[in-house]
Amino acid sequence: MRRPTIRDLAQAAGVSVATVNRILSGTVSVRPKTVQRVQSAAEEIGFYGIGAIDDRVKKLSPHHRFGFLLQQSTRELYKLFGKKIIAACRDRRDEIVEPIVEFVDLLTPETISSRLIALGDTCDVVGVIAPDHPIIGQAIRSLKEMGKPVVAYITDQSAPERAAYVGTDNWKLGRTAAFLIAQTTQGPGRIAVFIGNHRYQCQDVSDASFRSYLREHAPRLTVEESRPTHEESSEAYRMVAELLKTTDDLVGILIVGGGITGVLRALREVPAERRAGIKLVCRDIGPDTRRGLSEGMITAALCHPLEATSALLVQTMIDVIGPQAPVATLQRSIPFEIVTPENI
């Protein structure tokens, strides 16, 4: 095939040949939007000089350094969050975003707070997944005073100084979980609820709305007090195994925090007919959740669409440091996905 020429590129981009020459030479100023339009056209037609155009776009684009503080480097789910966030940063076309992704394994407020401050020292804005605690709130306040906005991700913070929240509507998520369990069980029975920590807003709100739905629509089901797993699978295993030994009317489990691996391990230790009578709903999807769904042990996983949520997080972080940054806290929710054994 004939190699596309400069004239072909100019026609495809809707600009003059002189404009393309100015972009390729890099010696004359051209509006960034025009350069980006030419870049897109060059990619589409396979123009040989795409490398020079890409280099020009990088030089003209704003540069940002974004920090992301996630949890538990050993959990596949958070590793996946990190990978999707990095991809969302690299997919930006109007800006150059350098992502700094860090993980916290010791989940104390003091550790999270110090790591948050350290990230803010070197980044323009920080996204964080963390429990809602006064010590962490003070770190968010300090960073705002330094001119470094903080965006709460997945779970919100009560600190009024936070710049934004990006995640799902957790009230709807909890009621949806209750609807699924109510519709797939019959007669009276016991429901166990496992959360990671009472200070995670996303989990506490989901827990409250789950109970709200069942009080309203399925009073035949008895919901037990929430049990914190502290995001540890071994703790979840211990509690579920004990529950299975001491009760014979368990018909449902909701787990809105970490520990799904332990829950599944405990369920695998009981006879198949017992497992079949227990409906399990959990949050988000990693390798163990996917396996549990494929085996039919999990009724549904209510998940963040990772690509879309990561893209929205990065866009929100750009918005809160831009010249038109809003004064009020941004609240940006994204619909969750319902994954079942039939659509995994």
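Rounded to the nearest 5, the antiparallel percentage of DSSP beta bridges internal to segment 195-344 is 25%. Counting only protein heavy atoms and a 1.4 Å probe, segment 171-250 has 49 square angstrom of accessible area per residue.
Taking trypsin sites (Lys or Arg not before Pro) across segment 146-220, the ones in a DSSP loop with at most 15 further Cβ atoms lying within 10 angstrom of their Cβ are 220. When the Cα positions of 40, 184, 335 are compared along the charge dipole of the chain, 40 comes out farthest toward the positive end, with charges on each C-beta of Lys, Arg, Asp and Glu.
Taking only protein heavy atoms and a 1.4 Å probe, the accessible area of the chain is 52% carbon and sulfur. The 3J(HN,Hα) values that the Karplus relation (6.51, -1.76, 1.60; θ = phi - 60°) gives for segment 302-313 are, in residue order, 9, 10, 6, x, 4, 5, 5, 5, 5, 5, 5, 4 Hz. Gly and Pro appear as x. When shorter helices are ignored and each DSSP H run of at least 4 residues is given -39500 (n - 2.57), the per-residue value for the chain at 222 nm works out to -15000 deg cm²/dmol. Which part of segment 235-268 falls in the paramagnetic zone of residue 220, meaning amide N under 17 Å from the point 7 Å along Cα-to-beta-carbon? Output list for this probe position: 249-253. Charge dipole (Cα centre; +1 on Lys/Arg Cβ, -1 on Asp/Glu Cβ; no other charges) of segment 1-144 amounts to roughly 640 debye. With all protein chains kept in place, the per residue accessible area of segment 1-154 amounts to 50 square angstrom at a probe of 1.4 angstrom. Against the chain, whose longest principal axis is taken from its Cα atoms, helix 50-60 shows a tilt of about 80°. Mean sequence separation of contacting Cα pairs (under 8 Å, at least six apart), scaled by the length of the chain, corresponds to a relative contact order of 14 percent. Checking every one of the trypsin sites (Lys or Arg not before Pro) in segment 1-110 against DSSP loop status and a limit of 10 other Cβ atoms within 10 Å picks out 2, 93.
Across the options 5, 297, 270, the greatest Cα extent toward the positive end of the charge dipole of the chain (unit charges at beta carbon of Lys, Arg, Asp, Glu) belongs to 5. Along its three principal directions, the equivalent ellipsoid of segment 127-270 from the Cα gyration tensor extends over semi-axes of 33, 18, 10 Å, largest first. Looking at the square roots a ≥ b ≥ c of the eigenvalues of the Cα gyration tensor of segment 59-148, which shape do they give, rounded for a/c under 1.5, prolate if a/b is larger than b/c, or oblate? In terms of gyration-tensor shape, oblate. For the chain, the longest principal axis of the Cα atoms and the long axis of helix 32-45 meet at an angle of about 80 degrees. Each Lys and Arg Cβ is given +1 and each Asp and Glu Cβ -1; about its Cα centre, segment 88-153 then shows a dipole of about 120 debye.
Rounded, prolate or oblate: which fits segment 272-312, taking a ≥ b ≥ c as square roots of the Cα gyration tensor eigenvalues, rounded meaning a/c under 1.5, else prolate when a/b beats b/c? Judged from the Cα gyration tensor, segment 272-312 comes out prolate (a/c at least 1.5, a/b above b/c). With the simple spin-label model, which puts each label point 7 Å out from Cα in the Cβ direction, the residue 238 to residue 44 separation comes to 6.1 nm. For the chain, a simple Cβ point-charge model (Lys and Arg +1, Asp and Glu -1, everything else neutral) yields a dipole of about 980 debye relative to the Cα centre.
The values are calculated or read from the model by the stated rules, or taken from the named source; none is laboratory data. These numbers come from a predicted model, not from an experiment. For neighbour counting, all protein chains shown are included, and Cβ atoms are generated from backbone atoms with ideal geometry for every residue, glycine included. Just so you know, the surface numbers come from the protein's heavy atoms only, side chains and all, with ligands and any DNA or RNA stripped out. Shrake-Rupley method; radii C 1.70, N 1.55, O 1.52, S 1.80 Å.
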